[in-house]
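Rule-based calculations on the coordinates, nothing more; no lab input. Source: prediction; values computed, not measured. Here the Cβ is made from the backbone with ideal geometry for all residues, glycine too, and neighbour counts use every protein chain on show.
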Amino acid sequence: MTRIPGFLFVITAPSGAGKTTLITRLRQEFPQIRFSVSTTTRPPRAGEVHGRDYFFVDHGTFSDMVTRDAFIEWAHIHGNDYGTSREYVDSALDGGSEVLFDIDVQGFRALRAQLGPRANYVFIAPPSLETLGRRLAGRGTENPESLALRLKNARTEMEAAGEFDFIVVNDDLETAYTELRAAYLACHLRPQYRTGLLPAPGQDSHEG
């Protein structure tokens, strides 16, 4: 069966929705999935490797890449810049890789504008904002101001959920993983990935 090159799986979720846990489990079951490696101006943390965790560049190099339209999407977050390299994505598509993008709503919209149906888009949602608030408060890492800001951002992000191909609700972890796994497998059944089963345009279906 002929497959078109590359499989892109984009996952977005509000902070505290359990995205990291679900992604880790998905990659453990399907080790062919690799993370998209972003470019950043943030200094490397202990144990991080250039080209594996991020492509680490200085601010001047990043600005030059923005000027050259080298990013499909990029954003300025907490004093540093992060971007998805157009060359990286094209290489993944041409090489037949399965690449997972873990990005925010802004990044999702930029990717969708550039890639459209060439990628597959999943939103992981909490069962409610109240539940999300309890989870974030239970971490013990948020002060009242930062908690309020995260919940405000989460409300805005959840308003975008209808723009995605799939919505996974993380109320029960096992159920949520079953849903994410099903979405991942279902995406492989889209016609664009099964072109070998379809007659070429203008081909007589009775030919041969």
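Output ³J(HN,Hα) for segment 142-158: one whole-Hz value per residue in order, computed from phi by the Karplus curve 6.51 cos²θ - 1.76 cosθ + 1.60 with θ = phi - 60°, and x for Gly and Pro.
Couplings: 10, 8, x, 5, 5, 5, 4, 5, 4, 5, 4, 5, 5, 4, 5, 5, 5 Hz.
Counting only residues 5 or more places away or on other chains, whose amide H sits under 5 Å from the amide H of Tyr121 once H atoms are built in the peptide plane?
Sorted by chain and number, the residues that satisfy this are Val10, Asp165, Phe166.
Rounded to the nearest 0.05, what FRET efficiency do Leu149 and Arg109 give with R0 = 30 Å and r taken as the Cβ-Cβ distance? Could you check?
Working: r = 21 Å, r/R0 = 0.69.
Approximately 0.90, to the nearest 0.05.
Taking 0.36 nm per residue of sequence separation and subtracting the Cα-Cα distance, how much length would be gained by fully extending the chain between Arg139 and Phe56, in nm to one decimal?
On the way: separation 83, 0.36 × 83 = 29.88 nm, distance 2.97 nm.
Between Arg139 and Phe56, full extension yields 26.9 nm more.
Suppose the chain between Ala46 and Asp90 were pulled fully straight at 0.36 nm per residue; how much longer would it get relative to their current alpha carbon spacing? Don't skip to the end; give the middle numbers.
Numbers: separation 44, 0.36 × 44 = 15.84 nm, distance 2.96 nm.
My answer for the length gained is 12.9 nm.
Pull up all non-local amide H partners of Phe7: gap of 5 or more, or a different chain, and H-to-H distance under 5 Å with H placed in the peptide plane.
Placed amide hydrogens put Ser97, Glu98, Val99 under 5 Å from Phe7.
For Arg27 paired with Thr156, estimate the spin-label separation in nm (one decimal), with each label point 7 Å from Cα along the Cα-to-Cβ line.
For the pair Arg27/Thr156, the computed spacing is 2.7 nm.
Whose amide H sits under 5 Å from the amide H of Asp81, counting only residues 5 or more places off or on another chain, with H placed in the peptide plane?
Thr41, Arg42
Tell me which of Val49, Thr39, Leu26 sits at the most positive position along the dipole axis of segment 24-63, charges placed on C-beta atoms (Lys, Arg +1; Asp, Glu -1).
The residue sitting farthest along the positive end of the dipole is Leu26.
Could you work out the helix-only [θ] at 222 nm for the chain, with each DSSP H run of four or more residues adding -39,500 (n - 2.57) and the total divided by the number of residues, to the nearest 500 deg cm²/dmol?
Values: 7 runs with 82 residues, N = 208.
Only helices count here, giving -12000 deg cm²/dmol.
Taking the Cα atoms only, what angle lies between the long axis of helix 129-139 and the longest principal axis of the chain, rounded to 10 degrees?
The answer is roughly 60 degrees.
Not counting the cut sites, what is the longest span of the chain without trypsin sites (Lys or Arg not before Pro) that DSSP labels loop and that have at most 16 other Cβ atoms within 10 Å? It would help to have the intermediate numbers written out before the result.
Details: sites that count: Arg3, Arg45, Arg52, Arg68, Arg194.
Here the longest segment lacking exposed loop sites spans 69-193.
Label Gln192 and Leu129 with points 7 Å out from Cα along Cα→Cβ: what is the distance between them in nm?
With each label point 7 Å from Cα toward Cβ, the separation is 3.3 nm.
With +1 on the Cβ of every Lys and Arg and -1 on the Cβ of every Asp and Glu, and nothing else charged, how large is the dipole of segment 7-193 about its Cα centre, in debye rounded to the nearest 20? Please report the intermediate quantities before stating the final value.
Details: 20 positive and 25 negative charges, 41 e Å.
Computed charge dipole of segment 7-193: roughly 200 debye.
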